[in-house]
1. Test V258 against the stated conditions and say whether it is buried (at least 21 other Cβ atoms within 10 Å of the Cβ) and under 20 Å from S66 (Cβ atoms).
2. Counting only residues that are of a type in the set (G, A, S) and at pLDDT 95 or above, which one in the range 111-140 is nearest to V45 (Cα to Cα)?
3. Does F116 satisfy being touching a strand residue (DSSP E or B) at 6+ places or on another chain (Cβ under 8 Å) and either aromatic (F, W, Y) or exposed (fewer than 15 other Cβ atoms within 10 Å of the Cβ) (or both)?
4. So which residues in the range 59-76 are within 24 Å of R174 (Cα to Cα) and not in a helix (DSSP H, G or I), if there are any at all?
5. Look through V139, V168, V193 and report the one residue that is outside any helix (DSSP H, G or I) and within 15 Å of W33 (Cα to Cα).
6. Residues of the range 217-245 being free of Cβ contacts under 8 Å to residues at least 60 places away in the same chain and in a helix (DSSP H, G or I), which ones?
7. Which is at pLDDT below 95 and part of a loop (DSSP other than H, G, I, E, B), of S79, S15?
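The values are calculated or read from the model by the stated rules, or taken from the named source; none is laboratory data. Predicted model only: the values in this text are computed from it and were never measured. Methodologically, a virtual Cβ is constructed for each residue, glycine included, from the backbone with ideal geometry; neighbour enumeration extends over all protein chains shown.
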Amino acid sequence: MPTALAKRRPGLAASGPMREDLSQAGHGIRFEWGPAGAKQLAPAVSCLVIVDVLSFTTSVSVAVESGARVFPCPWRDESATAFAREVDAHLAVGRRAVTADSPWSLSPAALRRAPFTPRLVLPSPNGSAIAASAGAATVAAGSLRNGTAVGRWLAGQGHGTAERPVGVIAAGERWPDGSLRPAVEDLLGAGAVIAALRAQGRTGLSPEAATAASAFAAAVDVGAAVAGSSSGRELAAGGFAEDVAVATELDASTQVPVLRHGAFVPA
């Protein structure tokens, strides 16, 4: 994240002491949930892959494909507006707040229809918060749309070994009380990335990572699973079924968004 953004909320990137027993030590491919899991794994891995299928990392993939630089932002308040001004970017609004003057939002379907913008701030309390927890680790955005591409890129960069481990983080959703709600779409998206790494010859999976890969491999119809999940049904009920359809375009993208100088850009 940019220095100025970290200064605005100085506690954002702080992480507690790493516990080796909880960091899946010794494995080249590791898997955890949410910002807390990211903070635990980040100091122990060379690359952190964020997976927030509905919809942060899917939207990142769509925007980066269009040529935009995407600045993650963990907040949806006035500080997001100030941050967008600071980095000279347009600010994505909530799905229901899209207007002719503010056509960019977290909705990947809306982003496809919106005019091109070279710089976009994308607020997300899940995916962006995880990006802010990465520390010195390289950060990539994974999804069902680019799982194979991300796995190939990771292997090509030498990640996924005991010496250069990868941490794959399923963002999950939030219950009304703010606690983490594990989400099937993110489990499958993380599993897609891990399965692709395994297909590239990376075999050092932690039990957590192996379980996520197995869940993806066992899914007969990933699109139906995501559409029928709690998150998918919630979006469809709100009139955003098209977002679910975009998010489940399995391996439709070969683009690997990587966080560099505070923005996601093509690897």
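1. Values: buried (at least 21 other Cβ atoms within 10 Å of the Cβ): no; under 20 Å from S66 (Cβ atoms): yes.
Answer is no for this residue.
2. Ranking the qualifying residues of the range 111-140, first place goes to A140.
3. Numbers: touching a strand residue (DSSP E or B) at 6+ places or on another chain (Cβ under 8 Å): no; either aromatic (F, W, Y) or exposed (fewer than 15 other Cβ atoms within 10 Å of the Cβ) (or both): yes.
So F116 does not fit the description; no.
4. First, the residues of the range 59-76 that are within 24 Å of R174 (Cα to Cα): 59-62, 70-76.
Correct list: V70, F71, P72, C73, P74, W75, R76.
5. V168 is the lone residue from the list that is outside any helix (DSSP H, G or I) and within 15 Å of W33 (Cα to Cα).
6. A217, A218, G223, A224, A225, A227, S230, R233, E234, A236, A237, A241
7. That would be S15, the only listed residue that is at pLDDT below 95 and part of a loop (DSSP other than H, G, I, E, B).
Residues checked against (1) under 28 Å from P266 (Cα atoms); (2) surrounded by fewer than 23 Cβ atoms within 10 Å (Cβ to Cβ); (3) in contact with a strand residue (DSSP E or B) (Cβ under 7 Å, 6 or more places away or on another chain); (4) at pLDDT 95 or above:
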{"position": "G142", "(1), (2), (3), (4)": "yes, no, yes, yes"}
{"position": "G151", "(1), (2), (3), (4)": "yes, no, no, yes"}
{"position": "Q157", "(1), (2), (3), (4)": "yes, yes, no, yes"}
{"position": "V168", "(1), (2), (3), (4)": "yes, no, yes, yes"}
{"position": "P176", "(1), (2), (3), (4)": "no, yes, no, no"}
{"position": "E185", "(1), (2), (3), (4)": "yes, no, no, yes"}
{"position": "L197", "(1), (2), (3), (4)": "yes, no, yes, yes"}
{"position": "G204", "(1), (2), (3), (4)": "yes, yes, yes, yes"}
{"position": "G223", "(1), (2), (3), (4)": "yes, yes, no, yes"}
